[in-house]
Amino acid sequence: MFAWTYLCIRTGGGSGDAEQRLWQVPLALRPRPLADGLAGYQRRQTAGPEGLPAQKRLRGHSVHADGAFAAGLAHARTYAARHGHLATRRDTRVGSFSLGKWVHNQQAHALALPEEKAAALKEVDPWWNIPWSVKWQRSYYRARDHVRRHGPLNAADGFPDTHVLTGEWLYLQCTDYGSLHPEQRRLLADIGITAQVAGSARPRRTSRTAGIDKAVACARVFVAEHGCLALATKNVSYQGFLLGKWLAAQRCLTRRQDEPAHLQVLDAIDVWWNPPWPLAWQRTWHRIRAHAQDRRQGAAEEGWPDGSDGWATWLSVQCTGYRQLHPQQQHLLAEIGITAETAATRPHEIIARLCGTGPGLAHARMYAAAHGHLATPQKACLEGFALGRWLSEQRRQAREQLRSTGGTWPVSTLLAALDPWWNPTWSLEWQRNWSRVRKRSESASAADSSGGTGIEDLETELAGWLRHQCTSYGRLHPGQHRLLTEMGITADMARAAQPPAPRAEPGLLDTALAQARVYAAEYGHIAAPASTVLDGFPLGKWLAWQRRRARQGRLSPTRAEALTMIDPWWNPPWPLQWQQAYHRLRTAATGADGPPVTNLPRGLCRWIRVQQESWEHLHPGQQDLLTALGITPHAAVGERPAPATRSYPASPGLDHAHAYAARHGHLTPDKHTRHDGFPLGRWLCQQRRKARAGALSPTTATVLTSLDPWWNPPWPYTWHRTWQQYRTTINGNETLPRALQHWANAQRSQWSTLHPHQQQLLTHTGITG
């Protein structure tokens, strides 16, 4: 209404009464354009003989707005020069300028647009502001461009030369010709669509029957050339027709109860065009059968079809899972010689007969003939074939077959005929080195008439490898022993070839013991850090080496007795860090005024408190050492009184810990465990860290201990989590993984070094020393 009134005032129209009513509009409700118009009208009414006074810039018409319009108009001219119109989309951009939004805003405010701006836009595109939809205008421009490039339209034949969408749009305009705007009819007449032409127009789409006939004919030709329709994958285009996509749509139609008649025609062309099993299975079966027929007829081409490197694996899967196949699949496999009897008793013969010349087995045969083994590297290629990866896949399949069924992978028999050790239980690098040494020794023995082994003339690398085998002969696999025996290396020979045990430097032991006695005389112990150096001698590293040898059972009793005489606890069964902390406490307590455990630093007082709280989890030897210092589970520690504490709300972690313990029976989750979105694993790690530092509140410690007495064990947390996994597996009557079996064997071998409570927990799960 205000825009209309503003235009009336600008033209000077209206009677006196109307003008009087206009002046009665309250000032607060007058928009700026209306107020400026009224001010201009007043100046014209009061102008004298000298003319109108100079007019100031109208309010609401800023220089910025005029500049913005000029910039948009420049981009509009650029777009129109390239495309010939301004029927842009809303998201159209010219460079970084949003031209589509700008044109849409001009169209939305066309009534309030000044005459000079509207004229400028009309000069760029006469149809910039149309009364119909912009989408219709864009479709018209596409049709106009087609006419300019390809000539007049043929409406009577359904616009055959146009794009599908353009042809359908043109036919729609012809059917709705009577309801179009007169200007729309004039535009259509410019491209040849008049009222007479619109009456004779035909639809763009072809009949459904004609399309089906063309697809069926294409499918028949495809089967005649390739043998089956399963080879037409979804992206296959045959003779310009999207046959694969059409077949996928027909397979979807088969899910309905009333199947169209053309589907029965497809059954006649290829009975297995839509099998109840995966199409990949049908494609592989067809390729293997075609290849087998070509081999029988002597028409097999040199080389192998694409994908034939996996035929041996595919056939092995069919033989091992023959009973789970569809009856029709078993019938198809019988056509290539795989029956229930052959799949169970002679699967390797079937594989050798069907794909004995397949690229995988053929290249493996070539490699074994050239090198004498199949221990190929992972990246090994032979004539462009990735033999290393193929053999790695066969080893994985063999392990999976043995783990799941306990049977033998059928391809293993074929590969074992080429190399009995093609899939060893030890590393392939060991097998490759053994093959190189055997080949080198055989060639040297053949050249030497004396019948020697030829091992003396090996290269430096192989000789070093062989010496290592002799040194570690006792830790090798029995199969490795058998292979080494083939080269003449027996247990006696390996023992004789082992270098003598390195003898200590003369006087080194005496020097080390002397330095240890000096250190013990000064500090009262020899629990020295590894970085300790005394008079130029690395005493810390030497003691660490002795402790490592003692744990391995390789320390001589004489040396162990000498060190024990210096310090009975030089190699404690608990962590060395605990022993070092104990010695710091003992030194501080000896030099403190008053009772032994009073007037100590706050850090040592917290350490004492932690030992008192976890007293029952300590080793008896640790308890004896602490008792000698006057520290008992209930002894008071002379620490400065702590400041008054404030009460804090209970942590939400306690509720989650209670729910987790009720469900799993323990509080040893993984660090990344989350319970209902709460990071329970990290929260428990923080609580253990606080408990070790003596900063955990008694309330939290009591609650967590009541949920799981071993939530903060004195031994490594990873050990306790592994024990929980072992216990859960045993209680659930599940098969133990290999990793847990190795862990259990390791606990039995180091039983004497475990904490008494660890031994008690292991005993509950059936593990004893």
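Here, each number is a calculation from the coordinates, and none is a lab measurement. Note that this is a predicted model, so its numbers are computed, not measured. So basically every Cβ, Gly included, is an ideal-geometry build from the backbone, and we count neighbours across all protein chains shown.
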Looking only at lysines whose Cα falls under 27 Å of Lys234's and that sit 8 or more positions away or on another chain, we get Lys214, Lys245
Quick check of the Kirkwood formula: for the stretch 468-571, what is the inverse mean of 1/r over all pairs of different Cα atoms, in Å? 16.2 Å
Distance in nm between pseudo-label sites at Arg396 and Thr511 (7 Å out along the Cβ direction from Cα): 5.5 nm
Relative contact order [Cα under 8 Å, 6+ residues apart], the stretch 134-199, whole percent: 38 percent
Sorted largest first, the C-alpha extents of the stretch 675-716 along its principal axes in whole angstrom are 28, 20, 19
Over all alpha-carbon pairs in the stretch 155-249, figure out the percentage whose distance exceeds 16 Å. 64 percent
Full-extension gain in nm, Arg389 to Arg475, via 0.36 nm per residue minus C-alpha separation: 28.0 nm
At R0 = 22 Å, FRET efficiency that the Cβ-Cβ distance of His634 and Arg692 yields, to 0.05: 0.60
³J(HN,Hα) computed for each position of the stretch 98-113 - Karplus, 6.51 cos²θ - 1.76 cosθ + 1.60, integer Hz, glycine/proline x: 7, 5, x, 5, 5, 5, 4, 5, 5, 5, 5, 10, 5, 5, 8, 7
Would you tally the net charge around Leu740, using a Cβ to Cβ cut-off of less than 11 Å, leaving Leu740 out, and scoring K and R as +1, D and E as -1? +1
Karplus 3J(HN,Hα) series, Hz, for the stretch 566-573 with 6.51 cos²θ - 1.76 cosθ + 1.60 (x for Gly, Pro): 6, 8, x, 10, 5, 9, x, x
Straight-line reach from Lys117: which lysines fall under 27 Å, measuring Cα to Cα and dropping same-chain residues less than 8 apart? Lys56, Lys101, Lys135
On full extension of the chain, what length is gained from Val221 through Lys439, given 0.36 nm per residue of separation minus the C-alpha to C-alpha distance? 72.8 nm
For Lys439, which lysines qualify as cross-link partners when the Cα separation must be under 25 Å and same-chain residues fewer than eight apart are set aside? Lys379
